[in-house]
Structures are given as structure tokens and as C-alpha cells.
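These notes are about the structure you will find just below.
What follows is calculated from the coordinates using simple rules that are stated; it is not laboratory data. Every value quoted in this text rests on a predicted model; they were computed, and no experiment measured them. No Cβ is skipped: glycine too gets one built from the backbone with ideal geometry, and neighbour counts run over all protein chains shown.
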């Protein structure tokens with residue numbers, strides 16, 4: 001039995017060994033079998049390389065970010081006034097007035113001579129009304145703002161030496177108010193090296209004088225990094241403070257920045273809003289152009305051109321010109337009390353355009369230079385003696401022309417004022433006698449208004465009222481398409497309107513010869529062109545009218 005058990009055990013061991021060998025052989029043969037029987041798969045090492053590269057890029061990116069942050073930290077640490085142990089506590093400041101009456105401020109120090117707190121604080125706080133004078137010296141020159149505050153009244157500011165000039169009241173007030181209250185966001189350093197903060201040669205030195213005969217000296221240094229603010233010196237000490245940029249911008253102004261931007265005053269009285277005559281001239285114009293308000297009630301127009309030709313003015317262009325004289329507001333002031341050389345340098349010794357307008361309360365004259373590439377012009381007002389800049393679009397009188405003022409509709413006469421119409425076109429020639437009656441109509445609200453009815457006769461025969469009105473509307477709707485390229489040749493059509501009002505007749509001639517349409521001639525002057533198809537249709541309508549056929553509106 002024992003021998004048989006040993007034999008069975010040995011056989012089992014042999015079977016186990018054979019099975020393990022088969023498994024090993026299968027594992028060893030698998031790659032070869034896969035290579036021979038299937039397409040070659042991607043090399044696993046390539047995947048590993050891609051993954052490694054991706055990891056490398058991430059690591060490199062992280063290194064770059066860390067390097068940038070480190071460089072930024074080094075930069076910030078290199079800036080004047082940087083402190084890693086800033087307390088962020090309100091500054092402890094002692095305010096006083098020295099023997100010379102100058103306001104001073106001392107920052108509290110510890111036993112080691114370091115700031116106890118370098119946070120925000122107030123260097124000075126007095127009522128703005130107590131500021132009586134501010135002397136400013138900066139890179140743009142110098143100026144003195146004087147303040148007068150009568151008891152119970154608002155403060156009036158003047159600029160010394162420029163008392164006859166209106167000021168921007170807000171700007172002058174800002175200069176004074178920033179000398180009344182001086183708040184700092186941080187105390188940067190005591191016993192500082194002023195050159196590090198631009199305070200050895202300040203961008204501005206301001207001396208403010210107060211009603212109690214004291215004064216304050218404010219020095220404006222350079223801007224801190226990162227738009228953190230501006231370095232400021234106060235009094236006679238070498239302590240450096242940081243203030244918001246906006247708190248010192250007015251100390252960097254020039255005289256020009258304080259002068260009012262009102263080129264002309266706003267008209268407060270509607271009775272004075274309308275000019276009686278307006279003339280535009282200058283190197284931009286071949287001849288002066290004169291505009292006047294239309295006072296003829298027979299004509300549906302606001303303005304007329306009286307020179308160099310007499311015609312109805314384009315309502316949009318004329319309206320823009322009329323609206324670009326009173327109440328002009330400049331973009332900037334460039335010169336106060338200019339010399340002859342300065343006037344020439346700004347292109348105003350021989351103005352590109354000059355407008356002269358007469359109003360019931362005043363006369364206004366303005367000179368404009370030629371526009372620059374940005375559409376900016378210099379405008380000089382002799383009354384204010386100031387040169388300003390403004391957009392050309394805001395002074396359209398400087399760029400207008402006879403062409404721009406051409407009427408869109410050459411015959412805008414109101415039918416109720418027409419006495420007769422003479423019409424000629426080819427073999428067709430006739431005269432219409434017009435009669436207008438009126439009646440007073442009261443509406444539901446009790447308001448009264450006049451209603452007019454116009455009729456016409458031809459050779460003593462009454463024409464259909466509706467057809468006549470359509471025909472007349474077609475005449476008044478003749479549209480000027482723009483400047484003519486010709487003086488015209490033969491007459492295609494002629495219309496003359498005679499009036500019941502005390503005014504001369506108007507004659508519109510339509511001439512052949514234009515390349516872009518028929519030539520329009522009003523009272524002997526060429527004013528533009530008209531559509532050939534429109535004029536031909538109008539002529540057909542005239543023939544229909546006197547033949548008793550319906551007239552179509554155009």
C-alpha cells in the first residue's frame with residue numbers, strides 16, 4: 001500500500017510539473033504567435049514615452065509659473081516702500097503747525113526707530129471754504145487759484161492773471177478741496193531717500209494758504225508700481241506717503257486745464273435763439289455763403305440761401321449749421337490769449353472757415369482751422385480770446401458748401417398762396433388759374449383752425465379738384481438729386497408759379513444735357529439734377545390733367 005501511495009504521489013508531481021511547463025511555454029510563445037497571426041500592435045514603449053513627455057510638459061509649466069511668481073515677488077520687494085511686516089493698522093500721526101505757520105505731520109516710531117503703524121491716516125482736514133489761495137508749480141508751468149467765499153454764499157474761484165476768463169468751476173474746486181483734506185492710504189517711509197520716490201524733483205509743488213494764515217506744502221512724486229497710487233511729501237519732513245492717483249491729478253493741471261470749455265454760451269432765452277443773418281467764409285469757400293431765416297409764409301422752408309445764389313436751403317444742413325453756433329462745448333483748451341505766432345501755428349491766421357452770425361442779443365464770430373486726420377479742428381473765439389479743439393462734426397458750418405445746402409425740393413410753395421401756374425413741355429403749354437377758399441373749423445376740443453380748398457380752371461373750365469391737387473403735389477415733389485455736371489441745353493419742361501402774396505414768381509426749368517439726369521435751373525441758377533423718368537411722368541400727368549383723365553401720384 002505504501003509503495004502504491006508513493007507511486008501515485010510521484011505521478012501527481014510529474015503531472016503538475018508538466019502542466020506548469022505547458023503554461024510557461026504558452027506564455028513564452030504568445031508574443032510570437034501574436035506577431036505572426038495578427039497585425040503588430042502599438043509599441044507600449046511609445047505610450048510610455050508620450051505619457052512621460054506630457055508629465056514633463058506639466059512639470060516645466062509649473063516651473064515657469066513658479067519662476068514668474070518669484071520674479072514678481074522680487075520686483076515688488078525692490079519697489080520703494082515695500083514691507084513684508086506691514087501692520088495694516090491706521091497710521092499714528094501727530095499733526096502740528098511749525099513756527100513758520102506750515103502744517104506738519106509726524107509718524108509715530110518705536111524704540112528702534114521704525115514705524116509703529118504704516119496704514120492709512122489724515123495729514124490735514126480743514127473746511128474747503130477756509131482755502132483762500134493755492135499756488136501750483138508743475139511740469140506744465142505755474143498758476144494760482146484764488147478763492148473768495150462771501151458769508152452765506154458759494155465760493156467763487158478765479159485764476160490769478162486770468163481774471164477775465166471763465167473757469168471750469170469743478171476743476172478749481174477740486175484743486176482747493178484736495179488742499180483742504182489730505183488722506184493717505186499708507187505711510188511708506190520716514191527719513192526717506194527722496195530720489196527713490198521722485199520727490200527730489202517733484203512733479204508738482206503745491207502751497208495752500210488758509211484763512212487762519214497757516215499754509216501747507218504738498219509735493220507730488222512719482223507713481224508707485226502697479227497703479228498703487230502716488231508718492232507724496234507733506235510739510236518740510238522727509239516722510240513719504242502714498243495717496244490715490246486721483247487725489248493729485250488736479251495738481252498736475254496747466255492753466256489750459258482750468259479754463260472753461262464753453263466756446264459760446266448757451267442761449268437761455270428762446271427769443272434770442274434765431275439769427276437774423278449768418279455768413280460762412282474762409283479758405284475752404286470759393287465765395288461766402290449767406291443764410292437767413294425764411295420769413296415768407298408762402299414757402300414751406302425754415303431757411304433760405306441768399307448768396308452766392310438765392311434758393312431754398314436744405315432743411316437738414318441749414319438746421320445743423322444753425323445749431324452749431326450757440327452753446328458749443330470744446331474737447332480741450334489749447335491756448336489762452338494767443339499771440340499772432342500762436343494763432344498762425346494753430347492754423348487760424350487765415351482760417352479755413354469763419355462764421356459770423358447776428359442775433360437779437362449779440363453777434364458771434366468763430367474761426368476754424370482745417371480738420372486734422374482725426375477730424376479735430378481748432379476753433380478761436382475772439383470774444384473769449386481762447387483757442388479750443390472740437391470735432392468737425394460739431395461745427396458743420398466749417399465744412400458746409402453750396403452743394404450741401406441745395407434744396408431737396410426746389411418748389412416748396414404752399415398751394416393756398418398760388419395764384420396761377422404756367423406749364424410748358426414740348427408741344428404742351430397751358431396756364432392754370434388757381435382759386436383758394438378757407439373756412440374755420442372747430443374740433444371736438446373747441447380748437448379752431450383754418451381749412452383751405454384750392455381749385456383750378458383751364459381755359460375757363462373747372463378741373464377735377466383731386467386730379468389738380470395730385471398734379472400740384474407732383475410739382476412740389478420734384479427732387480433734387482445733387483449737383484449738376486452740366487449747365488444744361490434744351491428746355492424739357494418749365495413751370496412758373498405766381499403768387500397771391502407779395503413775392504416774385506418762381507420758375508423751374510428742366511434742361512437736357514445732364515449725364516446723370518435732367519438739369520434743374522431755378523430762377524436762372526443751376527441747382528442740381530432730377531430723375532428723367534420722374535420728369536417724363538410729370539409731363540404725362542400734365543397732359544392727363546388738361547385732357548380730363550385721372551392723374552397718378554408720383
Taking every pair of Cα atoms in region 270-398, average 1/r, invert it to obtain the Kirkwood radius, and report Rg/Rh to two decimals.
-> 0.99
Of the peptides 307-315, 103-111, how do they stack up when ordered by the mean number of other Cβ atoms within 10 Å, highest first?
-> 307-315, 103-111
How big is the Kirkwood radius of region 353-429, worked out from every pair of different alpha carbons and given in Å to one decimal?
-> 16.4
Can you give me the three principal axis dimensions of region 398-472 from its C-alpha atoms, in Å, biggest first?
-> 48, 43, 17
Go ahead and run the numbers for FRET between residue 201 and residue 349, Cβ-Cβ distance against an R0 of 45 Å, rounding to 0.05.
-> 0.75
Could you state the per residue volume, in Å³, of the convex hull enclosing the Cα atoms of region 172-317?
-> 226
Would you mind putting 487-495, 499-507 in packing order, based on average other-beta-carbon counts within 10 Å, highest first?
-> 487-495, 499-507
Label model pair residue 99, residue 252: point-to-point distance (7 angstrom along the Cα→beta-carbon line) in nm is 3.8
How would you order 212-220, 157-165 from highest to lowest mean count of nearby Cβ atoms within 10 Å?
-> 212-220, 157-165
Round to a whole angstrom and tell me the spacing of the C-alpha centers of region 109-141 and region 406-434.
-> 80
Computed Kirkwood radius, in angstrom, where 1/r is averaged over Cα pairs of region 93-258 | 16.4
